[in-house]
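Q: For reference, the structure I am asking about is given below.
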Amino acid sequence: MKMILGRKIGMIQSFLEDGTKIPVTVIHAEPNVVLENKTKEKNGYVATKIAYGKIEEKKLNKPQKGYFKKLKAEPHKYTKELRDVSGYNVGDKILVDVFNSGDKVDAQGITKGKGFTGAIKRWNFKVGPLGHGAGYPHRYQGSISFGRGGSQGQRVPKGQRMSGHYGHELVTISNLTVIGTEVEKNLILIKGSVPGPVNSLILLKTTVKRKKQVNPLKLSDPEAVAKAIKEKEEQARLAQEAKKAEAHQKAEAEKEARKQEMIAKQKAAEEKQHAQQEAKAEAAENKTDEKKEGDK
């Protein structure tokens, strides 16, 4: 089985030689390293573990450091174990050229999280009547009762479709077609969309449903595709820099606000202390005048 871990850069559109417009997802996959092989005799099952994304050792916790030290391997950010996969040696590097144009693959990733969502959006329920004095319950999910009362009507059955957390779940899209690869830039071009937001981790592996290879797809202008990919990467970089600049500006503004608040508090305290001293002096002066008047 072919497999590789990468991150999703984004989507572009391209054209085939016959003029057909197709959506293309760009996956950036640095060389993956085979960490270990598990065998039936030693571990009870057959599997291969791969790693992706080099990382500094200081960013790992103690168990992770011990794991990579035990394997005598460089530390990586992501690891993935695939069952029933064999044929690799420890230390082998898996490059993007493991896939060819026309290969069928499965793309696995974590979908975008939508937060707490109503039942209509989450489960595609119908909305309530919009007219004739329906009032507010246009987007209510309706009754969740079942049975004929008693213990049947006093609980919520498992799997009941209701409002709740939507998205951010592991999803696999099967039978996607590889359009091509760019070994120099570690890029894989996939026809169609893959799950997950930009920069999310994606696992590409040989499809389990259809193992027949289709005719290789040829793009009309590979240079235009490369240019579009470069523009997409530049946009992502600029967006990330803008986000960092905005966060820095916000932090500076909060710091300045805290500073001004401290100055204002200090000034108010000084004014209060000054007012108290003046009040004491005035009270002492009045007391002295009263004493003089009494002496007279």
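The values are calculated or read from the model by the stated rules, or taken from the named source; none is laboratory data. None of the values given here were measured: they were computed from a predicted structure. Glycine also receives a Cβ, built like all others from the backbone with ideal geometry; neighbour counts cover every protein chain displayed. Just so you know, the surface numbers come from the protein's heavy atoms only, side chains and all, with ligands and any DNA or RNA stripped out. Shrake-Rupley method; radii C 1.70, N 1.55, O 1.52, S 1.80 Å.
Q: Taking the convex hull of the alpha carbon atoms in segment 112-265, what volume per residue do you get, in Å³?
A: Taking the convex hull of the Cα positions in segment 112-265, it is 323 Å³ per residue.
Q: To the nearest 0.05, what FRET efficiency results for residue 20 and residue 160 with a Förster distance of 30 Å applied to their C-beta separation?
A: Working from the Cβ atoms, E equals 0.10.
Q: List the aspartates and glutamates whose alpha-carbon lies under 19 Å from that of residue 227, not counting same-chain residues fewer than 8 positions away?
A: Here the aspartates and glutamates satisfying the reach criterion relative to residue 227 are 17, 182, 184.
Q: Test of understanding: what is the full-extension gain from residue 226 to residue 127, defined as 0.36 nm times their sequence separation minus their Cα-Cα distance?
A: 31.2 nm
Q: For q values of 0.12, 0.13 Å⁻¹, compute log₁₀ I(q)/I(0) with the Debye formula on a Cα-only model of the chain, without solvent.
A: -1.02, -1.09
Q: Could you please state, rounded to a whole Å, how far the C-alpha centre of segment 256-296 is from the C-alpha centre of segment 161-207?
A: Spelled out, the Cα-based centre of one part sits 71 Å from the other.
Q: Excluding residues fewer than 8 places away in the same chain, name every one of the lysines whose C-alpha is closer than 27 Å to that of residue 158.
A: 112, 114, 121, 126
Q: Solvent-accessible area per residue for the chain at a 1.4 Å probe radius, Å²?
A: With all protein chains present, the chain gives 70 Å² per residue.
Q: In segment 84-149, carbon and sulfur make up what percent of the accessible area (probe 1.4 Å)?
A: The value for segment 84-149 is 52 percent carbon and sulfur by accessible area.
Q: Still on this structure: Using r as the Cβ-Cβ distance of residue 43 and residue 193, and R0 as 45 Å, what FRET efficiency do you calculate, to the nearest 0.05?
A: Using R0 = 45 Å, I get an efficiency of 0.80.
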